[in-house]
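Heads up, the thing below is written out as structure tokens.
Nothing in this text is a laboratory measurement; each read-out follows from the coordinates by a stated rule. Just so it is clear, the structure is predicted and the values come from calculations on it, not from any experiment. All Cβ positions, glycine included, derive from the backbone under ideal geometry; neighbour counts span all protein chains shown.
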Amino acid sequence: MLQLSPHTTVFGSAQGQKERSLRMNMNQDEALSNYSDYNDLLQSEVYVDLERLRILARHGIPNELRGEVWKYLLGVQQADRSKELTTSKARKEDYEQIDKTDSEISKRIRGEVTRYQRKVPLLDGRHYMNRFENIILAYLNANRDAEYHPALVSLCAPFIYVLDKEWDAYFCFERLMQAMDEHYQCHTIKESIANFMTLFRNILPELCNYFEEEEVDLNEWVTSWLQHLLSREMKFEDIVRLWDTYFAMPDFLEFHPFVCLAILRNARENLEDLEQSEIRTMLLRLPYLDMQRTLAEAYNLRHESMERQISEDGDL
């Protein structure tokens, strides 16, 4: 059962800091058990075994190695290490040449980052503010079809926290945004919401009916959950752990709706005890989650959905 933490709104308190630390340690347990395996892969002199790295990453990545692993998983760093120093230098030079100025957008970014930093004190400080501003402006100026949205801050945040070098954080962020753009070109957000609602009604009919009885605005939270990968709703530590698994998968955007459904299934008993405004608050500001359980549930739900689809196709 998913429980609302009594400290989820006290972000600056000692108790809140203690809880965040505890959660980070819990998310690290399985990753640390594979620490030596990660080291062996990353210290390979010639070639990094990406397939093996993906298998390990699905179970979580040690904090100290996450930045390096994410670069490989997202294709920013190539598996062939023979030209690693050259490509790293080229990334830095390419990033430095991108325009990072736009006074109007800068003001909007700073306002949103200030709000985000109050929610995620791990990223508080002027140093992080500058990184947010530079990376998001670089992305918008290098991708002229992209428009500013406040969610860019929460989507960018994990990369800023995980990666030491600003240019590496930029290129990882850009890879994620490109993957999302490609996905939603093939599956519009409207289609994605419709498909999700079909799954929601089939898998959790009682909870879906309860939401309708309470007149919960489904579009409000479903749109954000799907379009922004839960980056605005999840606790920061949980989103970082979730993305370890996502970046290790070739189809993480297809898998994402099942993670959303797993969260709802695990929270069902709590949600059915709440009224409309309380439901909305919980869905838009999730409590800490058991990520291992959530991911295992999501895998099961996807498997069940695939079996159901095969069975229905066979009946035609």
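Values computed for the structure shown
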item: Nearest-20 debye value, segment 67-108 charge dipole, Cβ charges on Lys, Arg, Asp, Glu; result: 120 debye
item: Dimensions (Å) - segment 30-86, Cα atoms, principal axes, largest first; result: 33, 20, 19
item: Rg(Cα)/(2.2 N^0.38 Å) for segment 53-203, N = residue count; result: 1.15
item: Ranked packing of 266-272, 137-143, most packed first, by mean Cβ within 10 Å; result: 137-143, 266-272
item: Distance in nm between pseudo-label sites at Gln292 and Met180 (7 Å out along the Cβ direction from Cα); result: 2.9 nm
item: Computed label-point distance, nm, for sites Glu275 and His149 using a 7 Å Cα→Cβ extension; result: 3.2 nm
item: Cross-link partners of Lys165 among lysines (Cα-Cα below 17 Å; sequence separation of 8 or more within a chain); result: Lys71, Lys89, Lys92, Lys100
item: Calculated from backbone phi, Karplus (6.51, -1.76, 1.60) coupling profile of segment 252-261 in Hz, x at Gly/Pro; result: 4, 6, 6, 7, 3, x, 6, 5, 4, 5
item: Per-selection Rg to Rh, segment 157-226 - Cα, Kirkwood hydrodynamic radius; result: 1.16
item: P(r) weight above 18 Å for segment 240-292, C-alpha pairs, percent; result: 39 percent
item: Hits among lysines - C-alpha to C-alpha of Lys235 under 16 Å, sequence gap 8 or more where chains match; result: Lys18, Lys119
item: Distance histogram for the chain (every C-alpha pair counted, 20 angstrom bins, percent rounded to whole numbers); result: 30, 60, 11, 0
item: The chain, dipole about Cα centre (Lys/Arg Cβ +1, Asp/Glu Cβ -1), debye to the nearest 20; result: 1240 debye
item: Value of [θ]222 nm, deg cm²/dmol, for the chain, DSSP H segments ≥ 4, -39500 (n - 2.57) each, nearest 500; result: -23000 deg cm²/dmol
item: Net charge of neighbours whose Cβ lies under 11 Å from the Cβ of Phe173, counting Lys and Arg as +1 and Asp and Glu as -1; result: -1
item: Dipole axis of the chain (+1 Lys, Arg; -1 Asp, Glu on Cβ), positive-most option in Val222, Phe255, Tyr170; result: Tyr170
item: Amide H within-cut-off set for Glu233, under 5 Å, with H built and near neighbours excluded; result: none
item: Peptides ranked, highest mean first, by Cβ atoms within 10 Å: ranges 151-157, 41-47, 215-221; result: 151-157, 215-221, 41-47
item: Cα-derived Rg to Rh of segment 208-276, Kirkwood definition; result: 1.00
item: Sequence ranges 200-210, 282-292, 107-117, 179-189, ranked by mean other-Cβ count within 10 angstrom, highest first; result: 282-292, 107-117, 200-210, 179-189
item: GNM top mover of Gln97, Gln77, Gln276 - the chain, alpha-carbon springs below 10 Å; result: Gln97
item: Percentage of interatomic Cα-Cα distances in segment 38-132 larger than 15 Å; result: 71 percent
item: Shape parameters for segment 111-159, alpha-carbon atoms, Rg then Dmax in Å; result: 10.7, 32
item: Dipole magnitude of segment 194-283 about its Cα centre (Cβ charges: Lys, Arg +1; Asp, Glu -1), debye to nearest 20; result: 420 debye
item: Rounded to whole Hz, the Karplus (6.51, -1.76, 1.60) HN-Hα couplings of segment 67-78, x for glycine and proline; result: x, 5, 5, 4, 4, 5, 5, 8, x, 6, 10, 7
